[in-house]
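What follows is one structure encoded as structure tokens, with my remarks underneath.
The values are calculated or read from the model by the stated rules, or taken from the named source; none is laboratory data. Here the structure is a predicted model, which means the values were calculated and not measured. All Cβ positions, even for glycine, are placed from backbone atoms using ideal geometry, and neighbour counts span all protein chains on display.
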Amino acid sequence: MKLAQITAALSARLENGSPDTEITGVARIEEANAGQITFVANRKYAAAAKTTRASAVIVAEDFPAIATPTLRSRNPYLAFARAVELFYQPPKYVPGVHPTAVIHPSAKIGENAHIGPYVVIGENVSIGRNAVLLAHVVIYRDATIGHNFFAHAHAVVREHCRLADDIVLQNGAVIGADGFGFAKDDSGHWYKIVQSGPAVLEDKVEVQANACVDRASVGETHIARGTKIDNLVQVGHGSRVGEDTLLCAQVGLAGSTEVGNNVILAGQVGVAGHCKIGDGAVATAQSGIPNNVEAGAVVSGYPAIDNKLWLRCSAVFNKLPEIAKAVSSIRK
């Protein structure tokens, strides 16, 4: 593909390069070779941009000039994502039902569906147009799913759950498993609380591998439009997550957590039950959140505090032995 074609497709601006340069693929900046295109979205890779062997580099509008041909973009990371799409074509699945699939006669499935080997679709299930269900996907009875549903192998949607349009479930994702609800009886044993409420996913939600969105004891567990849930995330029963929020790897939300719009919870963040996290908040990796977080806040550590304060505390922590020794000397 000519560099001029890529430039037009990405709505970028070519600088210091020939539009006739042939590009055959994409690569990371450290690994790219002649004929490939790469990108810089993080300033810490600026030095690598000067030495890369790539034939072109996607950069921000204000990135310093380099000898390598550059495609300037207002959003270089997004531009690179679109460049990958130009060269990688994902597998296409021909409509049809594999002979090993088990589909209840009452289930309603829209046109152009691909139903793979050993898929099980239960009673009164409704699935919209253009669905792709790969091997061993299981849809429990009375589930409702919209158009353009894509479920990778071993994904599960439990009974009465409601999924809107353009939902993607990666391998092993489980939507609507029982929430972790138990009450201790008079004899000291744990009595299971029926988890009667469904999990609900709005449009364009993606749930990645082995993540769980639990059903609610009453009411519903609700994931709003455009939210992305990473591998091994646990969304507890009755939680509500707002639009365009990111729950990164191994995040855990205890029951009845409320997370706002455009929130980012980085890897291994844990949130205690019944907490509220405001719109636009960010929690850095491994933060533990036992209390509410205000909109727009950036928090770190456990218990999570303002990120800038946490950085100062972390710097002091390394000096504690020295400080303790000095205090001891003063006391003497």
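What to note about this one:
- Per the listing ALA56, ALA67, the residue uniquely under 16 Å from ALA32 (Cβ atoms), in contact (Cβ under 8 Å) with a residue 40 or more places away in the chain and loosely packed, with under 12 Cβ neighbours inside 10 Å is ALA67.
- Scanning segment 32-49 for residues that are within 26 Å of the chain's Cα centre (by Cα) and over 14 Å from THR70 (Cα atoms) yields ASN42, ARG43, LYS44, TYR45.
- Segment 129-146 - residue that is within 13 Å of ILE175 (Cα to Cα) and either touching a Phe, Trp or Tyr at 6+ places or on another chain (Cβ under 9 Å) or aliphatic (A, V, I, L, M) (or both) and, of those, surrounded by the fewest Cβ atoms within 10 Å (Cβ to Cβ): VAL138
- Selection within segment 185-205 - polar (S, T, N, Q) and in contact (Cβ under 8 Å) with a residue 40 or more places away in the chain: GLN195
For (1) free of Cβ contacts under 8 Å to residues at least 24 places away in the same chain; (2) hydroxyl-bearing (Ser, Thr, Tyr); (3) under 24 Å from VAL168 (Cβ atoms); (4) assigned to a loop (DSSP other than H, G, I, E, B), each residue gets a yes or a no:
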site: ALA249; (1), (2), (3), (4): yes, no, yes, yes
site: GLY255; (1), (2), (3), (4): no, no, no, yes
site: ASN261; (1), (2), (3), (4): no, no, yes, yes
site: GLN268; (1), (2), (3), (4): yes, no, yes, yes
site: PRO303; (1), (2), (3), (4): yes, no, no, yes
site: LYS308; (1), (2), (3), (4): yes, no, no, no
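- Residue satisfying all of: in segment 1-37; of a type in the set (A, V, I, L, M, F, W, C) and outside any loop (DSSP other than H, G, I, E, B); surrounded by the most Cβ atoms within 10 Å (Cβ to Cβ) among these: ILE37
- Scanning segment 193-247 for residues that are in a loop (DSSP other than H, G, I, E, B), among the acidic types (Asp, Glu) and buried (at least 18 other Cβ atoms within 10 Å of the Cβ) yields GLU202, ASP214, GLU220, ASP230, GLU243.
- Matching residues, segment 147-163, being part of a loop (DSSP other than H, G, I, E, B) and surrounded by fewer than 21 Cβ atoms within 10 Å (Cβ to Cβ): HIS147, ASN148, HIS152, ALA153, HIS154, GLU159, HIS160
- Residues in segment 60-77 that are in a loop (DSSP other than H, G, I, E, B) and either outside the structural domain of ALA9 (by TED's automatic domain parsing) or not hydroxyl-bearing (Ser, Thr, Tyr) (or both): GLU61, ASP62, PHE63, PRO64, ALA65, ILE66, ALA67, PRO69, ARG74, ASN75.
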